Structures are given as C-alpha cells and as structure tokens.
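Some notes on the structure that comes next.
The values are calculated or read from the model by the stated rules, or taken from the named source; none is laboratory data. Because the structure is predicted, anything quoted here is derived from the model rather than measured. Cβ: placed from backbone, ideal geometry, glycine included. Neighbour counts: every protein chain shown. All accessible areas refer to the heavy atoms of the entire protein, side chains included, with ligands and DNA or RNA removed. Shrake-Rupley method; radii C 1.70, N 1.55, O 1.52, S 1.80 Å.
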Protein chains: 4
Amino acid sequence: MSSIEDDRLSGTARDEDSASACAIRAKRNQILAGAGTVFLASGYEGASMSQIAREAGVSKGTLYNHFDGKASLFSAFFEEQSRTKLDMLFAAVNDDGLDFRTGLIQLATAVVKVLLSPASMSLYRIIVAEASQFPNLADTFWRYGFARTLDSLSTWLARKAAEGVVVIDDPALTAEQFMMMCQTRIVQRRRLMLPVEDDAASIQKLAVFTADSFLKIYGTEHQ
Amino acid sequence: MSSIEDDRLSGTARDEDSASACAIRAKRNQILAGAGTVFLASGYEGASMSQIAREAGVSKGTLYNHFDGKASLFSAFFEEQSRTKLDMLFAAVNDDGLDFRTGLIQLATAVVKVLLSPASMSLYRIIVAEASQFPNLADTFWRYGFARTLDSLSTWLARKAAEGVVVIDDPALTAEQFMMMCQTRIVQRRRLMLPVEDDAASIQKLAVFTADSFLKIYGTEHQ
Amino acid sequence: MSSIEDDRLSGTARDEDSASACAIRAKRNQILAGAGTVFLASGYEGASMSQIAREAGVSKGTLYNHFDGKASLFSAFFEEQSRTKLDMLFAAVNDDGLDFRTGLIQLATAVVKVLLSPASMSLYRIIVAEASQFPNLADTFWRYGFARTLDSLSTWLARKAAEGVVVIDDPALTAEQFMMMCQTRIVQRRRLMLPVEDDAASIQKLAVFTADSFLKIYGTEHQ
Amino acid sequence: MSSIEDDRLSGTARDEDSASACAIRAKRNQILAGAGTVFLASGYEGASMSQIAREAGVSKGTLYNHFDGKASLFSAFFEEQSRTKLDMLFAAVNDDGLDFRTGLIQLATAVVKVLLSPASMSLYRIIVAEASQFPNLADTFWRYGFARTLDSLSTWLARKAAEGVVVIDDPALTAEQFMMMCQTRIVQRRRLMLPVEDDAASIQKLAVFTADSFLKIYGTEHQ
DNA sequence: TATGAATGAGGGTTCATTCAT
DNA sequence: TATGAATGAACCCTCATTCAT
C-alpha cells in the first residue's frame, strides 16, 4: 500500500517535475526569443539586458535566473539561431535527381537566398564583430552553418566526381570555393549595406553565372 | 594709407589664418591617429572617448572641438583609414608586364595578403558590424577600397580580353568574382577567427589554385 | 466511541504535532547550521540568503517559512552561536584545586585561546560591526559569553578574597580588569589582523605575565 | 621680451595650476567629508556610492573622477580619519611635569575619552569588521593610532624606570597592558553597545582605579 | 582653442523577498 | 510545508558629453 502511494507520489512528482521543467524551458525560450530580437537588431555590445528583459516580457532578474550573464545568454542565443536559421543552407544541398547543372544552379540560388536572409545576415555581422571576444561563437556558427553545408556539398561533389561528371582533386576546397563564388556581388555588397539588386531574377542570373563558371572549371562535358 | 594698412592687416590675418588652419589640421590628424589605434583595436562600441583622448595625447574636450561627437569622429577615422590603408589593394593590380597567369597569381597573392592584414581585417570587422548604424561607412569603404581595386581589375581584364587572352562578357562582374574566389578558405576563415594555415606557402598555393580556376573559366589557351 | 475516537484522534494529532514539531525544529537547526557557516565566514552583509539556503541544503523559500527574514535568521544564528560556542570561556573558570597563581595562569591561557578561536573571533567581529544595527546582538553575546564568565570569575575571586589569598574590593570590576589584561597584545592585535606571535609558548608567556601582574595588584603574600 | 612674456605666461599658468589644484583638493576633501559621514554611520558594506555622492553634494561620476572606486575611497577616508581623529590619543601622553600617579590618571582619562569618542569608536567598528578584506586598514589604524601612542607611552615609561619611579622589564609590553587596562568595563562595554555609565565621574573613577592598579604592579614607592 | 572636472543616464549584476505550485 | 522561479530595487561602475576656466 505504501508502495502504491509511493508510486502515485513519485508519479505526481514526476508530473510536476516535467511540468515545471517544461515551464522553465518555455520561459527560457521566451527569453531567447526576446534576446534574439534585440541581439539581431543591435549586436552584442549594442544590446542591453534591460532591453532584452523588456522585449522578452520578463524582469531583469529572471534573465539571471536562466543564464549566467549577458555573455552566456548571448552564446545560447547564438547557438539557437545557428541551429535553426542555417538549416536551409544545409538542406539546400540535399535535393537531387536533377541534372548536374540544374542542381548547381538551384544550390547557388538557395545559398544566396539563405545568406541574404535577415537572420543569417545579422548572425554574420555579429560573428564577424565579436569573433575576437567570443572565440567559440565562430565555432558554433561554423559547425551549425558552413561546416554542415560544406560537408554535404563536398560529399555530393565527390559523388559526382566518382560518376565522372566532374574532375575534382580536393572536394572540400572546391566546396569552399563554390560557396565563395556564390557570394559574388549580391551577398558581398549586401553585407556592406551597399545598394545592389537582389530580386529573384538577379539572384537567378547570378546563380546561372556561378554554376556555369563552376562547370567550366570542373566539368568534363563542356566540349 | 588705409589700403596699405588694410593689405597688411589682411595679409597678417591671412597668414595667421593659414597658420592656425594648419595647426588645427595637425591637431585633427593627431586625434585621428589616436582614434585609429583605438577604433581598430576595440571597434566602435568598445572604444571610449577617454581612451582616444589619452591615445591622441589631447584632452577630451579637444575631441569635441574638432569633431561633433563619437559618431562623427568615427566616420572621419573610417574615411581616413579607408583612404590610406587600402592603397595596397589598389596598387596590387597595377604592376604589369608579366604573362597573364603569373599576373593573376601575383594579384591573388596580394589580395589575400592585404585582406589578411590587421588593418583591413579590423576595418572589415568594423564595417560589417556597424554598417547598419553608419550607412555611409560602407560607402566610404567601398569607394576607397574595393571600388578602386575592382575598377583597376576590370580595366585590366578588359584590356586582356581585347588582347584575346581571355573571353569576358562582363569584366566588372568577373572582377568581383575573382575577388571573391581569392577569399576562399583562408580569408573567409580568418574573418570568423577559425583556425587556418595562413603562412606564405599556403597563400601561394591558394593563389595558384584561384588563378588556375579563373583561367579555366575565362582563358582561351587552355586547350 | 466518539470519546475513543476523539482520544485516538487527539492522540494522533498530538503525535503528529510533536512529530512535526520535531521535524520543524530539526529543519530549523539545519538552517541555523548553514547560516552559521556562512555568517561566520562572511559576516551579516556579506552573507546572502541563497548561499545560506545552499549551505543548509534547503530552498530559499524554506528559510522564510522558518524565519521572518535575514535579520531574524541572523539574530537566531547569533543566539545559537553565543549559547554553544562561548561555553569554553565559561568552563575555563570552573576547574579548581590548584594553587591560586597556577589557577590564574591556566585561566588566562584559556581565555586567550578561546578569544583567539575562529568562532569567537568571528562572533566578535560580527557583533562589533553590527552592534548598532542589531541592538540585542550585544546583549545576547554578553549574556551567553562574557557575563557568565565574569560571574564565575568574580565569584571565584570573592571566594579567594574570603580565604585571604587576595584583597579585592569590587570583584566584578576586578574580573573585568583581568579579562582585559588577558587581551593584551595577542588578542588585541589579532582582532586588528596585525601580525603577532600566537603560538602556545607566546600565549603561555603572556598568561604568566598577566597572572603575575594581577597578583601584584591583588595578592597578599607577595612580600 | 618674449622671455618676459614667457615668464608672465608661466606665472599665469602656475597660478591657474595651483588654483585648479586647490579646487581639486577642495572637492576631494568635500567628497571625503561626505564619505566620512556615510562610512562612519554605515560601515563599508552598508555605505553606497549614491549615498556618499548625495551626502558630499556631488554626482556619482565625480566620485570616480577622484577615486578609483569604493575601496579606494574607503581607504582614503580611513587614512584621513586615522590621521586626524586619533591625534588626541597621541597627544595625551605628552604632557608631563606632574607627579607620576597624576600623570597616569590623566593619561588613563584621556585614553578612555578618546576611545569613547564617536569617531574612534566607529573607526574601531569598521576596522574590526573589514580587517580581513582590507589588510592595510588595520595597518593604517595602528600606525596612526595605537602605534604612536604606544611609542610615546613606552618611552615615557622607560624614562620613569630610569628615574627609579617604576620597575619595568619590557616597556613596550607594559604600555600595551596599560592601554588594555584602560579599556576595562566602559570602553569594552560601549564597543558592544551595552549599557554602561560613561559620565566624567565614572571615567575618572576608572582612571584612578587603573592608575593605582598599574602602580601596584610597577611602582617602587608604594610601601 | 584647450582643458579636464562634473555630470547623470545607463551599463551589467546581485539579492532579499514573494508566491504559485 | 517545501520549492525555486520571478521580481525589482539597489548595487558599483562607465562613459559620452558639457562647460567653466
């Protein structure tokens, strides 16, 4: 009987635990959302904990109940953003079944679009600005962002090389090169806040230009 | 007599004016030098006016006699830096008389080295971080930095195209593409503070890789 | 039947009451133990309720279920400490059966050692620091600490006076004087954190010096 | 002529310098006065920089223009107080020309009165409370306070010993012992905020009691 | 014009206390 | 009753800017 009671109690306890754990996670996410808004808009230094608290709808003290401090909150925000906002970049490489050139063009288009998105643009700004003060920031960004993309891409390129579609010595390096080529003009200029046409047509044109350039370097069939 | 006196007076006044104007300009440059040291080391938000005053060897009040405030001083610093520190980038394109591939390799090497230099690396960090708050920053940077380089480069490429060495439709776009290709791996990773080999040999290797890639896209003689 | 039930109920209730009262007292002591550790180490202002809760192994809320607040907890801690940690001081006066001078020397030694002990040193620091904000602190300290000791001592001295060993007009004042003489150099300097030799030999030497001084004032046989 | 002008200029400059230096010292003293009020009333931890600024009639920022921070301000305050408020203690030993017993009584009276003064009482509280966190506090207090007094006193005692008025082996230790004896009852209890009669008559009575006790220990003529 | 002391708003952070669970 | 997340006032300190000298 006592064991039953115990069970019930522990069951209740477990319920309560999981309920409160869930509430905590919810609050944490609420804070992270507020932090995201502020950090993305103002960067690390420009953001204030008061602002974040206000934006998140909690008191300043609560921020410190959930995170060790501004730096800690920032890191958590950055990891969260990197994990969620760079997915498209990763996913862009995965769809297949098209001919190689079309695949390249679609990939280039996706890369440009992701890099132009407000989230990744802000993340890039922040990481470049704070890289020296937050060494693991870049690591996080790289791990969740470029690294996954580059892995997928170089694997894909290696497969294509094995199929004889391309000739590539160093797929990893070539993948990085392709990513850089995608950033020509539009992404590059937008990062500097320079005026540039970034409508779909311009992006498409650039993607074609990039893909064709790439094919000229590595393709086997282009004459 | 009054005219003589007038002349003498205005002459004196003019002398004094020019002398004081010169002194003012000297003080201004002194301040800009101090500001440069501090801004490059700490960024915009991280720099304090006291620090700059100390570094420049003037009082804090003097800062405000010569500039409207921190933002104004920052903009002036940035223009100064852009004008003076990005020269190498511009110069790199100018030397000629070598065969095309060697020219490309030397150019790529120079571009990578300039972009890796502390000054331009810091400038890049600053501009990317503050571009949204200082809209004309990027403009300055672009005008004194990339624009001149790209102009030189596209002119050079157009000349080579005219000579039949390369086939290039849009020299300006191709110039931008080449600049991006130069930033593959080393520059890109260094901006994110990621570990990367950046010794002379690695740079040279990358320059060759980039130049050869470029030649495969645009060269006429490679088959 | 109702009376039986009543009895059983009230019995149960009483049992439960006493059981829960005991549990409450246990928890209270648990808290006081934690508070002791923290207060003695950090003083009143330096201690935080979180720290105390952690040290006591309870939640912060529980602190407020058992005590009205920080000040209340502090007072309770202080009384507890005064009651338990100043015993040695009290006990030191009690052992007898030796000749008077030896008794004085042993007493002086004990007094110095007790006053140098971390617990009483901390208590002294705390009481002197917070006496103005916690008026009854000193009262507690005095009642449990010096008062008992002085009572024992003056009783002892009065007995010795009655035996003709010493001539003492005001035993209570003389007792206080003796206690002060014991604090010469070593205790006094240690309270100010000044460097001083406090090894057993130095204490013993000081005790002899103090006892002999005392005998010269009050002794009858020293000529 | 230019030298004259130079002289005049430098003269003016010197005047201005000394004027501004004077103004700075005045402001510094103004701050120290405010800090004194607050620190003496609330101790180190209990005092807030806002409170001090308000009390001193300056802005919070000004505090930091004149002192490195709270700890620095506190140290300056403490040294100032020690230097100025413990003078009487030092002076009390110096008047001579009376017979020895009268000198002792006057000295004891002075010591008790100084130690009972609000300033030295507060300083003592603060030093005992913060000695562990500000190691040089006690040193300052000791140097300006007890050390000078003890030096004077032991010199005086040594002289009296040479004159054959007293027999003293270790004048320094005896001086410390005398100081402790002076703290019997009144000073001791006041430090603990315990009720005690501290009117002039009580002090005089205690001084006589202490002096006579001292004479019984060290005097040569008392039978 | 040059100075630097004064300002005060705002920075990040801590903490005693409360209260829903 | 026990919990600990939430609170918000207060903490020390920094800094861009002003202004009397």
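Looking only at the range A:188-200, which residues are part of a helix (DSSP H, G or I) and either facing chain B (nearest Cβ under 9 Å) or in contact with an Asp or Glu (Cβ under 8 Å, 6 or more places away or on another chain) (or both)? Don't jump to the end; show me each part of the working.
So in the range A:188-200, the residues part of a helix (DSSP H, G or I) come out as A:188-191, A:200.
Across the range A:188-200, the qualifying residues are A:Gln188, A:Arg189, A:Arg190, A:Arg191.
Out of D:Ile168, D:Ile127, I need the residue that is part of a helix (DSSP H, G or I) and either modelled with pLDDT of 95 or more or open to solvent by less than 30 Å² (accessible area, probe 1.4 Å) (or both). Which one?
Checking each option against the conditions leaves just D:Ile127.
So, of the residues in the range B:20-64 that are of a type in the set (A, V, I, L, M, F, W, C) and not in a helix (DSSP H, G or I), which turns out to be nearest to DNA strand E (Cβ to nearest atom)?
Residue satisfying both the conditions and the ranking: B:Val58.
For the condition open to solvent by less than 40 Å² (accessible area, probe 1.4 Å), of a type outside the set (A, V, I, L, M) and within 12 Å of chain C (Cβ to nearest Cβ), what is the one hit in D:Ser122, D:Ser154, D:Ser132?
Selected residue: D:Ser122, the only one of D:Ser122, D:Ser154, D:Ser132 that is open to solvent by less than 40 Å² (accessible area, probe 1.4 Å), of a type outside the set (A, V, I, L, M) and within 12 Å of chain C (Cβ to nearest Cβ).
Answer yes if at least one residue in the range D:13-31 is more than 9 Å from DNA strand F (Cβ to nearest atom), open to solvent by less than 30 Å² (accessible area, probe 1.4 Å), at pLDDT 95 or above and more than 14 Å from every other protein chain (Cβ to nearest Cβ), and no otherwise.
Within the range D:13-31 (the criterion being more than 9 Å from DNA strand F (Cβ to nearest atom), open to solvent by less than 30 Å² (accessible area, probe 1.4 Å), at pLDDT 95 or above and more than 14 Å from every other protein chain (Cβ to nearest Cβ)), the answer is yes, since at least one residue qualifies.
Name the residues in the range B:136-154 that are farther than 17 Å from B:Gln106 by Cα and not basic (Lys, Arg), would you? Write out each step before concluding.
Of all residues in the range B:136-154, those farther than 17 Å from B:Gln106 by Cα come to B:136-148, B:151.
B:Asn136, B:Leu137, B:Ala138, B:Asp139, B:Thr140, B:Phe141, B:Trp142, B:Tyr144, B:Gly145, B:Phe146, B:Ala147, B:Asp151 - these are the residues of the range B:136-154 that are farther than 17 Å from B:Gln106 by Cα and not basic (Lys, Arg).
Of the residues D:Trp156, D:Trp142, which is under 15 Å from D:Gly103 (Cα atoms) and either assigned to a loop (DSSP other than H, G, I, E, B) or out of contact with any helix residue (DSSP H, G or I) (no Cβ under 7 Å at 6 or more places or on another chain) (or both)?
None of the others qualify; the one that does is D:Trp156.
Scan the range B:194-202 and tell me whether some residue there is within 21 Å of the chain's Cα centre (by Cα), within 22 Å of B:Ile127 (Cβ to Cβ) and without any contact (Cβ under 8 Å) to a residue 12 or more places away in the chain.
no
Applying the selection to the range A:65-79, what residues are open to solvent by 30 Å² or more (accessible area, probe 1.4 Å) and part of a helix (DSSP H, G or I)?
Of everything in the range A:65-79, those that are open to solvent by 30 Å² or more (accessible area, probe 1.4 Å) and part of a helix (DSSP H, G or I) turn out to be A:Asn65, A:His66, A:Lys70, A:Ala71, A:Ser72, A:Ser75, A:Glu79.
Determine, yes or no, whether A:Thr184 is polar (S, T, N, Q) and under 20 Å from A:Phe209 (Cα atoms).
So A:Thr184 passes the test.
Against the condition closer than 21 Å to B:Asp169 by Cβ and open to solvent by 10 Å² or more (accessible area, probe 1.4 Å), how does A:Gln188 come out, does it pass?
Answer is yes for this residue.
Working only within the range B:201-216, note down all residues that are at the interface with chain A (Cβ under 8 Å from one of its Cβ atoms) and open to solvent by 10 Å² or more (accessible area, probe 1.4 Å).
Of everything in the range B:201-216, those that are at the interface with chain A (Cβ under 8 Å from one of its Cβ atoms) and open to solvent by 10 Å² or more (accessible area, probe 1.4 Å) turn out to be B:Phe209, B:Lys216.
Give me the pairs, please: first residue somewhere in the range A:43-57 and under 11 Å from A:Lys70 (Cα atoms), second residue anywhere and open to solvent by less than 30 Å² (accessible area, probe 1.4 Å) and within 12 Å of DNA strand F (Cβ to nearest atom), beta-carbon distance under 6 Å, and either six or more positions apart or on two chains.
A:Met49/A:Leu63; A:Ile52/A:Gly34
Just the residues that are within 29 Å of C:Gln133 (Cα to Cα), within 11 Å of DNA strand F (Cβ to nearest atom), surrounded by fewer than 15 Cβ atoms within 10 Å (Cβ to Cβ) and more than 14 Å from chain C (Cβ to nearest Cβ), please, taken from the range D:32-63.
Of everything in the range D:32-63, those that are within 29 Å of C:Gln133 (Cα to Cα), within 11 Å of DNA strand F (Cβ to nearest atom), surrounded by fewer than 15 Cβ atoms within 10 Å (Cβ to Cβ) and more than 14 Å from chain C (Cβ to nearest Cβ) turn out to be D:Ser50, D:Arg54, D:Ser59, D:Lys60.
Out of curiosity, is B:Arg148 within 21 Å of the chain's Cα centre (by Cα) and in the same structural domain as B:Met121 (by TED's automatic domain parsing)?
Spelling it out, B:Arg148 is indeed within 21 Å of the chain's Cα centre (by Cα) and in the same structural domain as B:Met121 (by TED's automatic domain parsing).
Just one of the numbered conditions (1) over 30 Å from A:Phe39 (Cα atoms); (2) in a helix (DSSP H, G or I); (3) more than 12 Å from every other protein chain (Cβ to nearest Cβ) is not true of A:Leu173; which one?
With (1) over 30 Å from A:Phe39 (Cα atoms); (2) in a helix (DSSP H, G or I); (3) more than 12 Å from every other protein chain (Cβ to nearest Cβ) applied to A:Leu173, the lone miss is (3).
Only one of (1) modelled with pLDDT under 90; (2) of a type in the set (D, E, K, R); (3) touching a Lys or Arg at 6+ places or on another chain (Cβ under 9 Å) is not met by C:Glu176, so which one is it?
(1)
Return the pairs, sorted by first residue and then second, in which the second residue is of a type in the set (Val, Ile, Thr), the first residue lies in the range D:64-83 and is within 13 Å of DNA strand F (Cβ to nearest atom), the beta carbons are less than 6 Å apart, and the residues are 6+ apart or on different chains.
Going by the 6 Å Cβ cut-off, the qualifying pairs are D:His66/D:Ile31.
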